[in-house]
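Only one structure is covered here, and it is reproduced in the block below.
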Amino acid sequence: MRQLRIAFFAEGSTDNAFLPTVLEKSVNYCVDVYGTCPIDILGVDEIDLHGGTFVDKGLKACQQALEHGAELLVVHTDADSATAGKAWAERIQPLLDAVAQADANTHCQVVVPAVPVQMIEAWMMANKDLLREQMGTAKSDADLGLNRKPEAYADPKQAIENAIAIVGQDTTKRRRHRLTIGDLYEPLGQQLDIEDLMTLPSFSEFLGSLHTALCQLRICQP
């Protein structure tokens, strides 16, 4: 059985709560569909870095990933736009170019970008039934202002927070659990199916890049 350790570098602590299980499920999906052998994922290691440019932090993440024994590094950055073009031009491509010039003996060379449109909260909206279940409400998507496609929201995080506020209006103060969006990242990451996430173009692009990386590692075939 082929063993694989994954590392990831994300923009913030909430992303760190959402991503690990999603990444593991994504790798398993690619292996199930394209794999050349069974794999044992040894871990999905969070790399937490602060200060410096995106490229500086990305290179440090590559270095730490290799030190952790990871063969594959996922680098997350939100598009903060309706397309991923600007994020790729200003952050991702410069990082990939820098990694290509880095020493393979000290830096992980297999880097997979994850660039949600507009932000990672759009991925959290991939299954609205699950989202409403986690909010503890029977209200409709329309009632909650969640009836648009996830990547159509300019600020999906605000859309979820607005929905949480609407749900909270129906709960008495005595019984109210002060639900916040921070409560949703980990359970949604754990429960979302890959098939739900694949309805989002930016996730499908990530999955394609992940498949290519796993081919590079000879874990998958084209």
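The values are calculated or read from the model by the stated rules, or taken from the named source; none is laboratory data. A quick note: this is a predicted structure, and the numbers were derived from the prediction, not measured. In this analysis, Cβ positions are derived from the backbone assuming ideal geometry, glycine residues included, and neighbour counts consider all displayed protein chains.
Within segment 1-41, being out of contact with any helix residue (DSSP H, G or I) (no Cβ under 8 Å at 6 or more places or on another chain), closer than 16 Å to E186 by Cβ and polar (S, T, N, Q) holds for S13, N16. If you go through segment 1-60 and keep only what is buried (at least 17 other Cβ atoms within 10 Å of the Cβ) and more than 17 Å from V112 (Cβ to Cβ), you end up with T14, A17. Each residue in segment 85-97 was checked for being buried (at least 17 other Cβ atoms within 10 Å of the Cβ), among the aliphatic types (A, V, I, L, M) and out of contact with any Asp or Glu (no Cβ under 9 Å at 6 or more places or on another chain), and 2 pass. Would you point out the residue of segment 173-211, among those that are among the β-branched types (V, I, T) and in contact (Cβ under 8 Å) with a residue 60 or more places away in the chain, that is farthest from C30 (Cα to Cα)? Of everything passing the filter in segment 173-211, I181 is farthest from C30 (Cα to Cα). Name every residue in segment 128-153 that is in contact with a Ser or Thr (Cβ under 9 Å, 6 or more places away or on another chain) and either touching a residue at least 24 places away in the same chain (Cβ under 8 Å) or crowded, with 17+ Cβ neighbours inside 10 Å (or both), in order of residue number. Selection gives R132, G136, L144, L146, P150, E151. Would a scan of segment 163-176 turn up a residue that is among the acidic types (D, E) and modelled with pLDDT under 95? The answer is yes, given that some residue of segment 163-176 is among the acidic types (D, E) and modelled with pLDDT under 95. Between A7, A70, A87, A82, the distinction of being at pLDDT 95 or above and assigned to a loop (DSSP other than H, G, I, E, B) belongs to A70 only.
Out of A82, A100, which single residue is farther than 29 Å from E195 by Cα and either loosely packed, with under 14 Cβ neighbours inside 10 Å or touching a Ser or Thr at 6+ places or on another chain (Cβ under 6 Å) (or both)?
On the way: A82 fails: farther than 29 Å from E195 by Cα.
Only one candidate passes the filter, namely A100.
How many residues does segment 136-151 hold that are of a type in the set (D, E, K, R) and either more than 24 Å from F203 (Cβ to Cβ) or in a helix (DSSP H, G or I) (or both)?
Total satisfying the criteria: 4.
Does L96 count as assigned to a helix (DSSP H, G or I) and either touching a helix residue (DSSP H, G or I) at 6+ places or on another chain (Cβ under 9 Å) or within 26 Å of S204 (Cβ to Cβ) (or both)? Against the criterion (assigned to a helix (DSSP H, G or I) and either touching a helix residue (DSSP H, G or I) at 6+ places or on another chain (Cβ under 9 Å) or within 26 Å of S204 (Cβ to Cβ) (or both)), L96 qualifies. The C-beta contact set for segment 18-36 (first residue in contact (Cβ under 8 Å) with a residue 40 or more places away in the chain, second residue hydroxyl-bearing (S, T, Y), distance under 9 angstrom, 6+ apart or interchain) comprises F18/Y185; L19/Y185. Scan segment 75-123 for residues that are under 14 Å from K57 (Cβ atoms) and of a type in the set (V, I, T) and the total you get is 5.
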